[in-house]
Amino acid sequence: MGTEVSNLVEKMFDAFAMTSGTSYVFMCDIKKNYSKWSLKAVEYFGLPGEYMEDAGGIWEERMHPEDRVIHHKQIEEAFSGKRDSVDAEYRVMDKEGNYVVCTCKGKVIRDDAGEPAYFAGTIWNHGVIDNIDPATNLYNQYEFFHALELLKGKKQPIAIMVLGIKRFSEINEIYGYTLGNKVLRELAKKFMSILKDESWVYRLDGTRYGIICNVRDDKSLREMYQSLQNMARHEITLQGEKVTVDLCGGAVVTENYGLDVHDIYAKAKYGLDASKNEKHGELVIVHDDGNISVNNKENIEILNEIRNCVANQCEGFYLCYQPFVSSISEKLLGMEVLLRWKKEPYGNVPPDRFIPWLERDACFFDLGNWILEEAFKEGKKILTRYPDFVININLSYAQLERSEFRKCLVELLEKTAFPARNLCLELTERCRLLDLTFLRNEIIFLKSYGIKVVLDDFGTGFSSLNLLRELPIDGIKIDRGFVSDITTNCKNQSIVKAVTTCAKELDLNVCVEGIEDEDMKNFMGNFNSSSYQGYYYSRPVGMDEFKQLSFY
């Protein structure tokens, strides 16, 4: 009879495992410390096998270090009888080295003596792409873009609103990661309750929500936003405690059906950024006749031409390279990859004229992939002479926020056979606008492949010492603005000294940009820096000229 029951349990387990969709079932014999897990979980997370000894320990090893304590506490409380079940949300590393969010719900089954005998349950993998976001039960960004395509096809006016949460990382720090996700769920419920049938709400990347609005005039959009903002500030309560959530928002109203849906979204994100960083959370609305990212006819023409060039295999774009050298030996360490664009009748367009708003445009993702591939091809040629040579490439907000960026980067490294250990990605200023938790997880993923990550232009814009503490970076680049008058400006001397000393204590590399002459180089010897970059060594040049440099 026992064998029959055992076989029946096995068959039931397999049936549940096969029909569980994007979730996994598990069952553990506590006394024998022996478990059976869904084959799908074994394959996805790279577990030793369906049958495992000490599965709990193996699973916790794959868990994000910040989440292990809460998970372990719940398991201990369930086994000791302090709680009836386990309901935990945490991050787990899959076999590719990516962290995905999982929810585990489990139950302890006790024997006749009241001792814990079995632990069984289900794990939901929120990292598996589906059309429903499991954290909020909203349709996800794929459905959002699909809905926009349908509206375009019907030639219907489009009004979308993109909402973000200001300082969400602080909510995670104060209340914990699990409660932070519950805030996202509660917001989703409240949004749906307020908007009812007026609009459709979607969960986008990170902590953003997308709304396709039925109303399209400014007054109605602002009233809608105000009601959502007031709710977020005053009506979110979790576990008996009030949580104040500050929203920021950007909106787009358009009847230009020739626009790509990603371009429409890019405009809304631009408004979102302006709301967050310039307008103190006020809704910023962008219309067809008021693209706030460009200010005159010529800039609009250039933007349109650049979009066409990107679509035409990045026509007119080319790369230049600027070396950086050891601050001690002045030997060549690597080069920074810099983007340039030349197209008639505009000629060579200065990068500071087009890159700031190009980074906000959806087309930059494709351009960014082109930059990576071209740089890998050129950089690989140098590695035969300098095996430890490093190429630094700027990583933009438009790349890092896209869910497919990880996959594209890894595929380009494999396609070009460029070693990941020779790559360093520089986070531009706008990358630091991303949610801190999201940014940290992206850096962890990059470093798992051996890729180095540094903060570019440190000391300007949104830089803060908190980033040095919170992000697992390899180094910083001190902005040239602090160096241009370093020999005479006492304030800049103090700032550079403080930053370089702090970086040394944190075991971070420091690259000083803007070294223009020998006096400046010699003066910088008073500070703890690792490398120098600037016109004293070379201006940005093409690859042929780079190989003719005296120290190459």
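The values are calculated or read from the model by the stated rules, or taken from the named source; none is laboratory data. Because the structure is a prediction, the values reported are computed rather than measured. Note that we place each Cβ from the backbone using ideal geometry, even for glycine, and neighbour counts take in every protein chain shown.
Descriptive notes on the structure:
- In the set (1) modelled with pLDDT of 90 or more; (2) crowded, with 18+ Cβ neighbours inside 10 Å; (3) of a type in the set (Gly, Ala, Ser); (4) closer than 29 Å to Glu66 by Cα, the condition left unmet by Gly514 is number (4).
- Listed by position, the helices (runs of 4 or more DSSP H) contained in the stretch 434-552 that have at least 1 residues being outside the structural domain of Met93 (by TED's automatic domain parsing) and among the hydroxyl-bearing types (Ser, Thr, Tyr) are 436-448, 490-505.
- Contacts under 9 angstrom Cβ, first residue in the stretch 400-411 being not assigned by TED's automatic domain parsing to the domain that holds Ile444, partner outside any helix (DSSP H, G or I) and aliphatic (A, V, I, L, M), 6 or more apart: none
Here's the yes/no breakdown for (1) at pLDDT below 95; (2) under 26 Å from Gly210 (Cα atoms); (3) not assigned by TED's automatic domain parsing to the domain that holds Cys248:
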site: Cys309; (1), (2), (3): yes, no, yes
site: Ser326; (1), (2), (3): no, no, yes
site: Leu333; (1), (2), (3): no, no, yes
site: Val337; (1), (2), (3): no, no, yes
site: Pro351; (1), (2), (3): yes, no, yes
site: Pro356; (1), (2), (3): yes, yes, yes
site: Ala362; (1), (2), (3): yes, yes, yes
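- Residue match in the stretch 365-380 (condition: under 22 Å from the mean Cα position of the chain (by Cα) and without any contact (Cβ under 8 Å) to a residue 12 or more places away in the chain): no
- Residues that are among the aliphatic types (A, V, I, L, M) and under 11 Å from the mean Cα position of the chain (by Cα) were ranked within the stretch 396-426; the one that is surrounded by the fewest Cβ atoms within 10 Å (Cβ to Cβ) is Leu400.
- Within the stretch 29-68, tally of residues that are part of a helix (DSSP H, G or I) and among the hydrophobic types (A, V, I, L, M, F, W, C): 7
- The requirement of being more than 11 Å from the chain's Cα centre (by Cα) and free of Cβ contacts under 8 Å to residues at least 12 places away in the same chain is fulfilled nowhere in the stretch 429-451; no residue meets it.
- Considering the conditions (1) out of contact with any strand residue (DSSP E or B) (no Cβ under 9 Å at 6 or more places or on another chain); (2) at pLDDT 90 or above, Ser550 is excluded by exactly one of them, (2).
- Filter pass, Tyr532 being touching a residue at least 60 places away in the same chain (Cβ under 8 Å) and closer than 25 Å to Ile393 by Cβ: yes
- Of the residues in the stretch 69-89, at least one is surrounded by fewer than 19 Cβ atoms within 10 Å (Cβ to Cβ), modelled with pLDDT under 85 and assigned to a loop (DSSP other than H, G, I, E, B).
- Residue match in the stretch 136-155 (condition: farther than 24 Å from Ile285 by Cβ and in a strand (DSSP E or B)): no
- From the options Val201, Val261, residue that is β-branched (Val, Ile, Thr), surrounded by 15 or more Cβ atoms within 10 Å (Cβ to Cβ), within 26 Å of the chain's Cα centre (by Cα) and at pLDDT 90 or above: Val201
- When residues of the stretch 303-341 are limited to those that are crowded, with 20+ Cβ neighbours inside 10 Å and farther than 30 Å from Pro387 by Cβ, the one nearest to the chain's Cα centre (by Cα): Val310
- In the stretch 31-68, of all residues being closer than 16 Å to Lys95 by Cβ and acidic (Asp, Glu), the one that is surrounded by the most Cβ atoms within 10 Å (Cβ to Cβ) corresponds to Glu50.
- Neighbours by Cβ (under 9 Å, 6+ apart or cross-chain): first from the stretch 25-45, without any contact (Cβ under 8 Å) to a residue 12 or more places away in the chain; second surrounded by 22 or more Cβ atoms within 10 Å (Cβ to Cβ): Val42/Tyr24
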